[in-house]
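Colleague: Quick one: the structure is below, questions incoming.
The values are calculated or read from the model by the stated rules, or taken from the named source; none is laboratory data. Since the structure is predicted, the reported quantities are computational estimates derived from the model, not experimental observations. Quick reminder, even Gly has a Cβ in these numbers, built from the backbone with ideal geometry, and neighbours come from all protein chains shown.
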Amino acid sequence: MSRKIKILIVEPSVVISVGLDRILSLSGRYEVLPVLADAENLAASYDRYRPDVMLINPTILPYTKRQSVRSLLPEHAHVLLVAIVYQYVEPSVLKAYNAIMDIREPEERIVQQISESVESFHSMVKNEGESYELTERETAVLVLVAKGMMSKEIAEKLNISVHTVISHRKNITRKTGIKSVAGLAVYAVLHNLMDME
Amino acid sequence: MRLADLITMSPNVILMLPRFGISMGFGEATVDEICRKNKVSTEFFLLVCNVYSFDDYVPTIQEIEQTDLSQLLSYLTASHRYYQESRLPHIETHLQHLADQAGRFGSVLLKFYADYKADLHKHFMYEEQVAFPYIKSRCDGAGGSSYKIADYARSHSNVEDKLNDLIQIIFKYLPAMMMIDETIEMVFDILQFSADLNKHSVIEDKILIPYVALVEERQKKVSK
């Protein structure tokens, strides 16, 4: 992905929007679009800039629309919504967003948080309706993980790149819901994938 | 507000009482009266109640600044004791029953749980023996340590992963068994414990760490 991720900030406080703009621009991964200081032209701005991500302060929206922020956007809008939070916001309001960003987090966390959310948003959209069975290759990787091998060793053994191993591991975790190596080992045993020596 | 009303509205609060040394039988007493009687800061008690009652509750800078550090640390330590002396053994009893029926998988499950328990114990011990004493001395004005709260924040690894894995394994992958009632009970117990641990780390991440970061910041300014 060489194209920079386009971010639209919707935030009334200049201090915060300028700060976010600076942090995000410096990271080099994002293109920060001109800031909106109110929510009046939300839909028009979406159509004009087509942002990938909108960082929105939920309190900027009219009170009755806060719980349904997507209804303020065009119907075709395909955009990750992140709430900017620095004061108490009703949980029911935050539910309308894909992710929440607490501005008190350290600089690198803010950058990282957004890219993580973008990634999981993409894979969520991409994977709708897909199978949860492990593929043959994933099963092979799983067995080696369960035996305690590192990604690098697995890559050498299966003759694939480390990058591929990592993407298999991500898929295994997404499909099984199991994150830890110890948990994956139990999974492998329960599925009779391990030779019990 | 009466403590009884608070608990009726937000039943989770009842779990907090022993950690503050508050016992039942408080009748019609208000939250403030009970806190005073037990020498607990009312603000801090309510802060913890808020974290436990509302997902996504974000404490304000003022709330963080006003926190009584020694109460915060003893609260966190009391939570550790509750987890270790009550929750973990309780879940283990269930797991033991399940393992007895699970044939050769039983020992694998028990080993997984034992490892998880050991990880968690190590994590708590690190906090109580390294991180908390540092925080205390730092906030009492001692400077010069090379340890920084950022080190703690980094080491603050996610101990919840394995617990979630255990839940997934039990209800998705364990072969169907006769003990359905006990299995369900256990999954509920683990979910409850996991939610509690989550809130526990919210208190560490959103109150303790920012609090100490503020103190470090202030001391840096003074020493300049």
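Colleague: Could you list, in sequence order, all residues of the stretch A:71-86 that are exposed (fewer than 13 other Cβ atoms within 10 Å of the Cβ) and over 20 Å from A:Ile5 (Cα atoms)? Even if it seems obvious, please write down each step before you answer.
Modeller: Within the stretch A:71-86, the first condition is being exposed (fewer than 13 other Cβ atoms within 10 Å of the Cβ), and the residues that meet it are A:71, A:75-76, A:78.
Within the stretch A:71-86, A:Ser71, A:Glu75 meet the criteria.
Colleague: Within the group A:Ala96, A:Ala155, A:Ala140, which residue is within 14 Å of chain B (Cβ to nearest Cβ), over 23 Å from A:Asp21 (Cα atoms) and not in a strand (DSSP E or B)?
Modeller: Working: A:Ala155 fails: within 14 Å of chain B (Cβ to nearest Cβ); A:Ala140 fails: within 14 Å of chain B (Cβ to nearest Cβ).
Of the residues listed, the single one that is within 14 Å of chain B (Cβ to nearest Cβ), over 23 Å from A:Asp21 (Cα atoms) and not in a strand (DSSP E or B) is A:Ala96.
Colleague: Now a separate question. For the condition surrounded by fewer than 16 Cβ atoms within 10 Å (Cβ to Cβ), among the small types (Gly, Ala, Ser), in contact (Cβ under 8 Å) with a residue 12 or more places away in the chain and closer than 27 Å to A:Val79 by Cα, what is the one hit in A:Ser123, A:Ser131, A:Ser117, A:Ser167? Spell out how you get there, then give the answer.
Modeller: Details: A:Ser131 fails: in contact (Cβ under 8 Å) with a residue 12 or more places away in the chain; A:Ser117 fails: surrounded by fewer than 16 Cβ atoms within 10 Å (Cβ to Cβ); A:Ser167 fails: in contact (Cβ under 8 Å) with a residue 12 or more places away in the chain.
Of A:Ser123, A:Ser131, A:Ser117, A:Ser167, the one residue that is surrounded by fewer than 16 Cβ atoms within 10 Å (Cβ to Cβ), among the small types (Gly, Ala, Ser), in contact (Cβ under 8 Å) with a residue 12 or more places away in the chain and closer than 27 Å to A:Val79 by Cα is A:Ser123.
Colleague: Kindly check whether there is at least one residue in the stretch A:47-69 that is more than 19 Å from A:Val18 (Cβ to Cβ), surrounded by 19 or more Cβ atoms within 10 Å (Cβ to Cβ) and of a type in the set (S, T, N, Q).
Modeller: For the stretch A:47-69, residues more than 19 Å from A:Val18 (Cβ to Cβ), surrounded by 19 or more Cβ atoms within 10 Å (Cβ to Cβ) and of a type in the set (S, T, N, Q): absent.
Colleague: Looking at the stretch A:59-80, can you tell me whether even one residue there is among the aromatic types (Phe, Trp, Tyr), modelled with pLDDT under 90 and not in a loop (DSSP other than H, G, I, E, B)?
Modeller: Yes, the conditions are met somewhere in the stretch A:59-80.
Colleague: Still on this structure, please answer the following. For the stretch B:37-81, how many residues are farther than 18 Å from B:Pro18 by Cβ and either of a type outside the set (S, T, N, Q) or in a loop (DSSP other than H, G, I, E, B) (or both)?
Modeller: Residues that pass the stated criteria total 16.
Colleague: State all residues of the stretch B:15-64 that are within 13 Å of chain A (Cβ to nearest Cβ) and more than 23 Å from B:Asp196 (Cα to Cα); if no residue qualifies, say none.
Modeller: Correct list: B:Ile61, B:Gln62.
Colleague: I would also like to ask the following. Please find, among B:Pro11, B:Pro59, the residue that is under 21 Å from B:Tyr83 (Cα atoms) and within 20 Å of the chain's Cα centre (by Cα). Spell out the reasoning first.
Modeller: Working: B:Pro59 fails: under 21 Å from B:Tyr83 (Cα atoms).
Of the residues listed, the single one that is under 21 Å from B:Tyr83 (Cα atoms) and within 20 Å of the chain's Cα centre (by Cα) is B:Pro11.
Colleague: Something else about it: Could you tell me whether any residue of the stretch B:119-130 is farther than 30 Å from A:Leu94 by Cβ, among the hydrophobic types (A, V, I, L, M, F, W, C), surrounded by fewer than 16 Cβ atoms within 10 Å (Cβ to Cβ) and at pLDDT 90 or above? Before you say what the answer is, go through the steps one by one.
Modeller: Keep residues of the stretch B:119-130 that are farther than 30 Å from A:Leu94 by Cβ, which gives B:119, B:121-122, B:124-126, B:128-130.
Narrowing the set further to residues that are among the hydrophobic types (A, V, I, L, M, F, W, C) leaves B:124-125, B:130.
If we keep only those that are surrounded by fewer than 16 Cβ atoms within 10 Å (Cβ to Cβ) as well, we get B:125, B:130.
Those left that are additionally at pLDDT 90 or above: B:125.
Within the stretch B:119-130 (the criterion being farther than 30 Å from A:Leu94 by Cβ, among the hydrophobic types (A, V, I, L, M, F, W, C), surrounded by fewer than 16 Cβ atoms within 10 Å (Cβ to Cβ) and at pLDDT 90 or above), the answer is yes, since at least one residue qualifies.
Colleague: Would you please name the residue that is nearest to B:Leu98 (Cα to Cα), looking only at residues in the stretch B:193-223 that are of a type in the set (A, V, I, L, M) and within 14 Å of chain A (Cβ to nearest Cβ)? Don't jump to the end; show me each part of the working.
Modeller: As a first pass, look at the stretch B:193-223 and keep what is of a type in the set (A, V, I, L, M): B:195, B:197, B:202-203, B:207-209, B:212-215, B:222.
Of the ones still in play, those that are also within 14 Å of chain A (Cβ to nearest Cβ) are B:202, B:207-209, B:212-214.
Numbers: B:Val202: 32, B:Ile207: 38, B:Leu208: 38, B:Ile209: 39, B:Val212: 43, B:Ala213: 45, B:Leu214: 48 Å.
In this case the residue turns out to be B:Val202.
Colleague: Is it the case that B:Ile190 is at pLDDT 85 or above, within 14 Å of another protein chain (Cβ to nearest Cβ) and out of contact with any Pro (no Cβ under 7 Å at 6 or more places or on another chain)?
Modeller: For B:Ile190, the condition - at pLDDT 85 or above, within 14 Å of another protein chain (Cβ to nearest Cβ) and out of contact with any Pro (no Cβ under 7 Å at 6 or more places or on another chain) - is met.
Colleague: Same structure again: Check whether at least one residue in the stretch B:137-159 is within 14 Å of chain A (Cβ to nearest Cβ) and touching a His at 6+ places or on another chain (Cβ under 8 Å), and report yes or no. Quick ask: steps written out before the conclusion?
Modeller: Residues of the stretch B:137-159 within 14 Å of chain A (Cβ to nearest Cβ): B:148-154, B:156-159.
Then keep just the ones that are touching a His at 6+ places or on another chain (Cβ under 8 Å); that gives B:157, B:159.
Scanning the stretch B:137-159, I find at least one residue that is within 14 Å of chain A (Cβ to nearest Cβ) and touching a His at 6+ places or on another chain (Cβ under 8 Å), so the answer is yes.
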